[in-house]
1. Count the net charge of all other residues whose Cβ sits under 13 Å from the Cβ of R257, scoring Lys and Arg as +1 and Asp and Glu as -1.
2. Amide H to amide H under 5 Å from T65: which residues, 5+ apart in sequence or cross-chain, H placed 1.01 Å off N in plane?
3. Please find the FRET efficiency linking N442 to Q649, where r is the Cβ-Cβ separation and R0 is fixed at 60 Å, and quote it to the nearest 0.05.
4. If you scale each eigenvalue of the Cα gyration tensor by 5 and take the root, what three semi-axes come out for the range 397-497, rounded to whole angstrom and sorted largest first?
5. Given contacts defined as C-alpha pairs under 8 Å and at least six residues apart, what's the relative contact order of the chain, whole-number percent?
6. With every protein chain present, what accessible area does H753 have (1.4 Å probe, heavy atoms only), rounded to the nearest 10 Å²?
7. Report the Cα centroid-to-centroid distance between the range 512-583 and the range 700-759 in angstrom, as an integer.
8. Would you pull out the residues with amide H under 5 Å of R550's amide H, same chain only if 5 or more places away, H placed 1.01 Å from N?
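The values are calculated or read from the model by the stated rules, or taken from the named source; none is laboratory data. All values derive from a computational prediction rather than experimental measurement. A quick note on method: Cβ atoms are made from the backbone with ideal geometry, for glycine too, and the neighbour counts reach across all protein chains shown. Only protein heavy atoms, including side chains, enter the accessible area calculation; ligands, DNA and RNA are left aside. Shrake-Rupley method; radii C 1.70, N 1.55, O 1.52, S 1.80 Å.
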Amino acid sequence: MKNRLISISAAAPTFGARMLQCARSANGTSKTIKRDSMKARTSLCYAFAVNLFLAAGSPVAAQQTWGALGSGLSSSVDSLHVLGGVLYAGGTFHTPGQYIAQWNGTAWTAVGTGGPGGPVYALAALYGNLYVGGDLGSANPNWMWDGSTWTMIGGASSSYAYATFGGKLYAGGDYDYGSGNRILSYDPVTSAWTQLGTLGSVPKYVFAIAVTADGTIYAGGDDGNATPAAFLHKWNGTAWSPVAFGPSGGTSGSTVRALTAYGNDLYVGGNFTTVGSGIAVRGLAKLSGSTWSAVGGTPPWLPSDTGGSTVRAIAWNGSSQMYVTGYLPNSTSGSTMDHIFILQNGSWSTTVPNPGLYKQNGSLSGVSLAVDRFAGKVYVGGSFDSVGNPPNPPGTLNVAVWNDFRPYTIVDLGTLSANTYSYGGPLNNNGIAGGVSSALVNGSPKDHAFHWNGGIEDLQGYPCSGGPWGVNDQTSVSGANDANIFVGTADQGGSGTYWRGFYRSVSDPSCTWTLLEPPSGWTSARTEALAINNSLIVVGRCTNNSGTYRAMRWVPSTPTTDLQTLNSPDQPSYSSEAFSINKDGYVVGRANANGSTTVSHAFRCSPGGLIKDDPTHNDLGTIGTGLSSTAYAINDFRQIVGETKIDSQYPYNHAFIKTPDSTTGQGFTDLGALLIGYANSAANCINNRGQVVGYGSVTSDTGFIWQDDLGMKKLQDLLPSGSQWTIPGAYTINDQGVIVGSGYPCPTCTYPHAYMMMP
């Protein structure tokens with residue numbers, strides 16, 4: 001929402017207004033000002049996983065019922081995926097489409113013409129496109145559907161598993177060919193396939209792939225022998241290695257059939273009885289780092305060795321609801337819950353989903369799951385006649401939907417003084433959030449940075465005796481790393497004339513403020529720190545002697561670096577700003593381009609380099625004929641988000657996501673807007689799972705979350721029924737999907753409060 005006209009109260013103080021201003025006036029009137037560019041956008045976004053509040057669970061679902069999808073599908077449904085609110089199903093059926101169909105809300109229809117010519121076993125979404133694999137023949141092994149056209153993308157035949165992460169597609173299956181391997185990656189920017197590892201480094205059949213939040217790739221399956229042995233391997237960036245004490249056991253062999261990542265934890269499903277050092281399981285286990293454990297105690301289905309139970313699919317619906325399906329006969333006599341179960345807050349439900357899957361004759365199994373988290377729908381596919389016996393509801397042949405809306409939990413982070421405001425900022429993996437709030441100092445309001453760890457605390461309060469210079473200083477924080485080091489900006493004496501960026505550990509009782517100085521010779525400069533990574537590299541901006549903002553990088557024990565601009569030769573009148581830095585040191589922001597002081601483009605700067613070093617790579621360009629763009633966040637896999645003009649005649653900006661390492665003007669995906677037509681949107685932050693948050697204009701600014709498969713969703717629609725909150729924007733999202741921003745706790749509230757939303 002940078003550089004946009006917005007409404008704020010006339011009483012809002014100037015330094016606080018530099019953060020995410022959205023305050024209402026008490027009498028309902030307001031004045032408009034232009035938002036200053038030190039806003040908590042990506043500068044507030046350094047994405048980390050947090051565990052806080054996960055134990056709190058979720059509100060009770062509004063409804064939990066089975067639903068039919070038309071008359072179902074005529075044969076086994078082996079893969080399901082939701083893309084943009086549309087459900088796609090793949091399998092062995094022939095109508096209404098050959099092996100693949102889409103649900104339009106009232107009926108199943110074919111997916112275009114042409115396309116896959118064999119059973120579909122793998123579906124995935126990437127940048128708004130659907131990828132399709134299966135036993136499709138060596139001439140046409142993998143396909144992409146862009147919503148209107150099928151394109152064959154090559155690769156290897158017999159793909160049984162897909163996963164997407166960091167802007168790439170990972171595929172596995174039975175790839176017995178030449179010198180290749182059974183795991184491949186596909187880059188949609190270059191349209192190139194790359195093999196991961198040498199032939200034989202992964203056993204024969206790959207049935208499942210998953211990628212944890214730290215980027216570790218796991219592959220599972222079996223060795224293809226008559227009595228198969230399960231395998232679970234992980235990729236370290238250069239080679240595959242077996243996971244120690246992986247799944248084993250079973251009277252007729254073992255196999256891994258399902259892998260699902262949740263943060264850095266890996267959930268493993270299949271047919272096996274043991275993991276770790278003799279831990280007994282029933283085809284389902286959890287791997288946390290190198291530690292194995294059972295899931296939810298003893299699952300409510302028969303053991304794999306006596307009941308033949310096999311877990312075929314695992315999916316999460318929010319932070320504390322995990323769905324499991326497969327051939328899973330209930331171990332409780334008389335229970336109608338069969339073949340699909342829910343783990344809720346760490347315990348297996350004894351009541352839902354009820355009834356389970358049913359088949360009168362032939363082999364029964366749940367095979368696939370797909371979750372539309374935003375719509376509250378969980379889809380299950382496989383080989384079954386109905387859900388329950390007698391059928392309830394009718395028409396659930398091989399596919400059904402479980403309606404289970406789970407609203408987010410929202411927490412008010414509070415304020416430092418009563419009847420004032422607060423603005424949400426950074427969030428790290430220790431559950432510590434930050435921002436700025438009004439505090440009373442000797443009876444006068446001052447903007448103070450705060451940190452929040454279950455309660456709001458003044459960064460200038462006890463045991464500190466004010467800011468870097470004294471009690472009248474004003475401060476704000478804009479970024480954090482997982483060592484609990486916050487970065488921000490301090491205003492000496494609250495005068496608005498002398499500013500310095502700083503970093504400080506919020507867990508250090510010595511209250512040491514480390515000020516970030518300008519380059520040598522910049523005598524009139526003021527510095528602002530906006531983001532920090534785990535290597536303690538800080539980026540932000542600084543005014544030069546001409547009063548022009550320049551992007552800055554501060555490295556410990558190294559002179560301050562002016563990152564310069566996209567113009568060459570550079571001039572002091574050209575401006576730039578750095579808003580985000582990832583773990584490897586890639587920096588993004590915006591900078592003057594095209595030899596102009598009025599045209600700015602989003603930039604990417606390589607670790608240790610300057611913005612102008614590689615014009616083709618560092619100038620991200622714009623979408624279409626748009627003239628300007630800004631990059632606000634970069635995740636650890638070099639996906640970039642921000643906002644861009646999309647047409648030289650179109651006066652609005654759209655949020656974008658850009659693929660890793662793409663060149664000028666290439667690799668953009670327009671995320672669109674919440675309101676079709678003339679409306680703004682901007683992407684403030686992206687986490688390592690590829691989830692994006694920001695704001696879009698409807699009748700007023702509205703916060704959104706975007707996922708590649710689910711599209712853009714208003715945060716307002718994810719709140720519990722009866723919530724009084726209004727959410728005008730979202731500014732940070734971590735790897736667990738926890739969101740921090742600012743909003744109004746009640747319809748008549750005058751000032752915004754920082755909030756935290758938890759899935």
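1. Values: positive: R312; negative: D78, D222.
Residues close to R257 contribute a combined charge of -1.
2. For T65, the qualifying residues are N403.
3. Working: r = 54 Å, r/R0 = 0.89.
E(calc), rounded to 0.05, equals 0.65.
4. Numbers: eigenvalues 263, 46, 24 Å².
Ellipsoid half-lengths, sorted descending, are 36, 15, 11 Å.
5. 12
6. 40
7. So the separation of the two Cα centres works out to 32 Å.
8. Here C542, T543, N544, S576 satisfy the definition.
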